[in-house]
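What follows is a short report on a single structure.
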Amino acid sequence: MRPNVLLIVTDHWPAALLGATGHPAIHTPTVNQLCRNGVRFTNCYSEHPVCLPARRTLMTGTTARKHGDRRFQPRLEMPDMPTLAQTFRDAGYQAYAVGKTHTYPQRDRIGFDDVQLDDEGRTLYGVTDDYEIFLGDKGYLGRQFGHGMSNNAYQMTPWHLPEEVHATNWATDTLARTIRRRDPTRPAFWYLGYRHPHPPLVPPQRFLDRYNGVELDKTFVGDWAKDVSALPYHLQGVAARGTYTEREAADARRAFYALCTHIDQQIGALIGTIREEGVLDDTIIMFTSDHGDMLGNHNMWAKQTFYEWSACVPMVLVGTANCRRTGFSRADDRLVGLQDVMPTLLDLAGIDAPESVEGRSMVGGERRETLYGEFGEVGHCSRMLRNETHKLIYYPVGNVFHLFDLENDPDEMTNLADEPASANILEHMKGALMKELYGSDLAWIEGETFVGEPARTYHPGPNRGLSLTRGHQWPVPPINPKGDMNFFPEAPEDWDGSV
């Protein structure tokens with residue numbers, strides 16, 4: 001029989017946050033063991049580091065050029081093309097998903113036989129998800145956000161309900177039950193979408209306690225990032241989110257790490273279920289994330305940038321027992337992206353990828369010379385080109401380039417774009433980046449020269465929605481056409497808030 005496939009996708013998990021990378025504080029023993037049992041790809045990037053575009057790429061094997069979303073369009077339906085789940089089903093697999101899929105409409109199964117949905121309480125689009133229904137059945141109707149923390153801010157508090165009803169536990173337990181109820185005559189594709197460590201930062205207390213007395217790594221800020229007013233327009237907007245005291249920032253990092261450790265432990269429990277079912281040796285396991293989180297580095301929080309902690313994500317692949325194509329205890333430094341998830345898993349399962357797929361299998365000898373990334377279209381936008389040694393980031397507003405030598409400067413502390421010694425590599429990478437641009441981006445080019453758009457200053461405005469904080473979920477909140485996330489609240493240029 002063909003192998004089973006388990007795809008685990010977290011939300012906001014930077015590649016650096018694994019014990020296997022040598023991180024000094026994070027505790028991830030289960031994922032570390034997965035690394036020893038398979039291969040860890042050290043240069044995996046989210047081509048569009050924000051939730052919806054990244055997940056479209058992961059589920060279709062295509063980039064925004066084809067699937068149509070590089071901005072974050074929460075009411076955009078999935079494109080009419082084969083998905084990862086549908087392709088497995090067409091090949092005779094049973095396909096089940098649990099957790100966060102982040103689609104619209106919310107009950108779009110995107111090819112799965114069934115989806116047990118955790119949509120983070122986004123009732124504004126008209127759906128009460130399965131996790132909320134579960135909480136109601138357990139006697140906690142409408143109380144998942146009783147902790148008072150925002151879904152996109154970095155205050156923290158311990159989880160306020162029993163640990164067994166935490167979203168991480170629910171997702172694990174629900175998929176474990178799905179696995180036990182599988183059809184034993186057919187192979188299975190299982191997708192597990194954990195909503196965390198994405199805020200709200202609400203780990204169970206015992207995982208917070210795990211970091212008591214642990215010296216956490218400090219945030220780092222490159223010289224290029226210290227003067228916020230000198231940053232490109234988009235980065236000024238990102239930096240405006242960082243309104244946290246030193247204590248709050250330290251607490252946020254501790255809670256974020258605790259959420260990661262909680263997930264790690266639950267992955268161990270799930271693998272235990274697969275082992276006890278007697279199918280572990282016949283199961284391929286992949287662990288990754290839709291994007292990372294800056295966590296205060298370079299004075300930035302969250303995602304939507306192409307710096308390492310936002311765009312570089314974990315990618316761990318474990319083959320079936322004695323799989324010579326994946327090996328074990330390996331680190332692979334080739335450039336890969338979320339577009340490669342679909343063709344890789346299909347390849348290992350012996351299934352041809354649909355013609356629509358742009359990605360390539362991560363197993364085998366093929367290597368990219370460059371990987372392209374894009375976020376946004378108007379104002380808040382940036383483009384990235386990564387080669388084997390360097391990364392180029394382009395901000396059209398202001399026509400600004402950032403260039404980093406990641407071999408010698410992995411924390412991106414020094415911008416080389418204005419260094420005469422880097423002029424040749426800069427021009428080479430600008431030429432390669434120019435070939436990737438399309439659509440409205442072509443207005444940023446005149447002949448063979450980048451001209452971009454006039455520079456602008458970002459004027460932080462009031463964050464009236466408290467970064468999309470949620471309220472009580474019972475009675476179920478109504479459909480709310482004004483409820484979409486405003487990532488960059490900005491005030492009019494001529495108003496500083498004074499009266």
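No value in this document is a laboratory result; all are computed from the given coordinates. Please read these numbers as outputs of a predicted model, since none were measured by experiment. All Cβ positions, even for glycine, are placed from backbone atoms using ideal geometry, and neighbour counts span all protein chains on display.
Using equal-weight Cα scatterers in the Debye expression, the normalised intensity of the stretch 360-412 in log10 at q = 0.18, 0.25, 0.30, 0.32 Å⁻¹ is -0.69, -0.98, -1.12, -1.17. Of all complete DSSP H helices in the chain, those with a Cα span along the helix axis of 24 Å or greater and a mean Kyte-Doolittle hydropathy of -0.5 or more are 246-276. Considering only Val221, Ala95, Val31, whose Cα is most displaced toward the positive end of the charge dipole of the stretch 4-369, charges sitting on Cβ of Lys, Arg (+1) and Asp, Glu (-1)? With unit charges placed on the Cβ atoms, the residue in question is Val221. Taking a ≥ b ≥ c as the square roots of the eigenvalues of the Cα gyration tensor, the stretch 304-368 is oblate, since a/c reaches 1.5 or more and a/b is not larger than b/c. Using C-alpha pairs below 8 Å separated by at least 6 residues, the relative contact order for the chain is 25 percent. Pick out, from Pro82, Thr42, Thr389, the residue whose Cα sits farthest towards the positive end of the charge dipole of the chain, with +1 on the Cβ of Lys and Arg and -1 on the Cβ of Asp and Glu. Most positive-ward Cα: Pro82.
What size of dipole, in debye to the nearest 20, comes out for the stretch 4-369 about its Cα centre when the only charges are +1 on Lys and Arg C-beta atoms and -1 on Asp and Glu C-beta atoms? Present the calculation step by step, with values, prior to reporting the outcome.
Working: 39 positive and 45 negative charges, 44 e Å.
The calculated dipole for the stretch 4-369 is roughly 220 debye.
Using the Cβ of Gly272 as centre and a radius below 15 Å, the other residues enclosed give a net charge of -2, where K and R count +1 and D and E count -1. Positive end of the dipole of the chain (Cβ unit charges, origin at the Cα centre): among Val313, Trp170, Pro105, the Cα lying farthest that way belongs to Trp170. Sorted ascending by nearby beta carbons within 10 Å, beginning with the fewest, Asp209, Asp494 become Asp494, Asp209.
With 10 angstrom as the radius, rank Tyr395, Tyr140, Tyr154 by how many other C-beta atoms surround their C-beta, starting from the fewest.
On the way: Tyr395 21, Tyr140 18, Tyr154 26.
So the ranking, lowest neighbour count to highest, is Tyr140, Tyr395, Tyr154.
Only DSSP H runs of four or more residues enter the estimate; each adds -39500 (n - 2.57), and after division by the residues of the chain the mean residue ellipticity at 222 nm equals -7000 deg cm²/dmol.
For the chain, would you read off the P(r) tail past 37 Å as a percentage of all alpha carbon pairs?
25
Taking other C-beta atoms within 10 Å as the exposure proxy, Arg464, Arg206 rank Arg464, Arg206 from fewest upward. Across the stretch 359-467, counting alpha-carbon atoms alone, Rg and Dmax equal 16.1, 51 Å.
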